[in-house]
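The values are calculated or read from the model by the stated rules, or taken from the named source; none is laboratory data. Since we're looking at a predicted model, the values are computed, not measured. Glycine also receives a Cβ, built like all others from the backbone with ideal geometry; neighbour counts cover every protein chain displayed. These area figures cover heavy atoms from the full protein model, side chains too; ligands, DNA and RNA do not enter into them. Shrake-Rupley method; radii C 1.70, N 1.55, O 1.52, S 1.80 Å.
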Amino acid sequence: MNDNETMMEELRCIGCGAIIQTEDKEALGYLPSGALKKKMENDEEMYCQRCFRLRHYNEIVPTSLTDEDFLKLLKKIGKQNALIVNVVDIFDFNGSLIPNLHKLTGNNDLLMVANKRDILPKSLKVNKLTNWLKEQASKSGLKPKDILVTSAKNRFDVAELMENIEKYRKGRNVYVVGVTNVGKSTLINAIIKQATASEENLGSQDVITTSRFPGTTLDMIEIPLDEQTAIIDTPGIIHRGQMAHYLKPEDLKYVSPRKEIKPKTYQLNSGQTLFFGGLARFDFIRGDKQGFTGYFDNEINVHRTKLEGATELYEKHAGELLAPALVGATMVRKEFKLEGKTDVVFSGLGWVRVPEAAVVAAWVPKGVDVVIRKALI
């Protein structure tokens, strides 16, 4: 093995964690040899071509990582003595849980961090939200040491998170895990900014690549905490039931709200339907007239119509009146008899709160999950 190859082996993209290589354009960590030479000569930060395009042009390059690769990484973590920080997305809590996480991570301590609290209505109190999260985590078989409600955009939240990580890690490495798009890398960037804010200008720019696109981090990225230990960002586990995996890149904004969502209440009689763009549909089949509240991105177009003829309306207007839509997708219907104070969750897109007893149906593209849960708000 020559010196060049040895040097190449040691180089990793600081944006996604992939090993830098110059041979295969389709493989992870690709960087043209000319660009690599220039970066090394100028001692520049090392980003692969994929991260460079994502950071500067918001352009996504498909990756070759599989679900099996992600599970292998999780099992490796289970063999370490470490603190596991499980980041979940409050806006898509059910869709951001990792199935069997407690089995995959061994007996390691777990700290659950519910991110993106800035998206939820400010009227929702943190104590109430924390209790709801504890109940939901317990139902999923998770027993976190603690649950923190946080926003990567709030420096006081980030400072509190850092204090809690220090409290629970007890001198061990920290592995940050979560499904794609929960904001793991954004949180770690916020931690790096906070920790380096006093140093000259280091706190001004994201180090790890972040975007709306699922699966931005491709390998483990280590950020030293001290001489012996590190905080390690891991790739997002792909949860196929989330809406994001079925959308075109330009429509991902509808499943990644950036601003506080404004709930909208619709007074419906039985026999009425709500369309959320062309991505989901909610039918009120039987029950007394009541107000159904939708919690979705503020930009999504909500269309009210009669249940009779709703299917024909979708077939005729999907992608036009009802946009955005997965044109050509098979819509799957799921019916529920509810007792009231229940959320009907369209995984990754949002939810409808049902206040009273009702029979309803939820329609989603085939493959997307629909979950029924105790009302969050």
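At a glance:
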quantity	calculated
Breaking point among (1) open to solvent by 40 Å² or more (accessible area, probe 1.4 Å); (2) out of contact with any Pro (no Cβ under 9 Å at 6 or more places or on another chain); (3) not in a loop (DSSP other than H, G, I, E, B), for TYR266	(1)
Count - residues of the range 330-374 that are in contact with a helix residue (DSSP H, G or I) (Cβ under 9 Å, 6 or more places away or on another chain) and of a type in the set (Gly, Ala, Ser)	4
Selected residue [under 25 Å from the mean Cα position of the chain (by Cα), without any contact (Cβ under 8 Å) to a residue 60 or more places away in the chain and open to solvent by less than 20 Å² (accessible area, probe 1.4 Å)] from THR342, THR330, THR273, THR293	THR342
Any hit, the range 61-84, residues being more than 30 Å from ASP157 (Cβ to Cβ), open to solvent by less than 50 Å² (accessible area, probe 1.4 Å) and either at pLDDT 75 or above or among the β-branched types (Val, Ile, Thr) (or both)	yes
Within the range 305-319, considering residues that are surrounded by 12 or more Cβ atoms within 10 Å (Cβ to Cβ) and part of a strand (DSSP E or B), the one modelled with the highest pLDDT	THR305
Test: residue in the range 103-115 that is acidic (Asp, Glu), crowded, with 20+ Cβ neighbours inside 10 Å and at pLDDT 85 or above	no
Residue match in the range 146-158 (condition: modelled with pLDDT under 90 and closer than 21 Å to ALA82 by Cα)	yes
Lone unmet requirement of (1) open to solvent by 10 Å² or more (accessible area, probe 1.4 Å); (2) at pLDDT 95 or above for PHE284	(1)
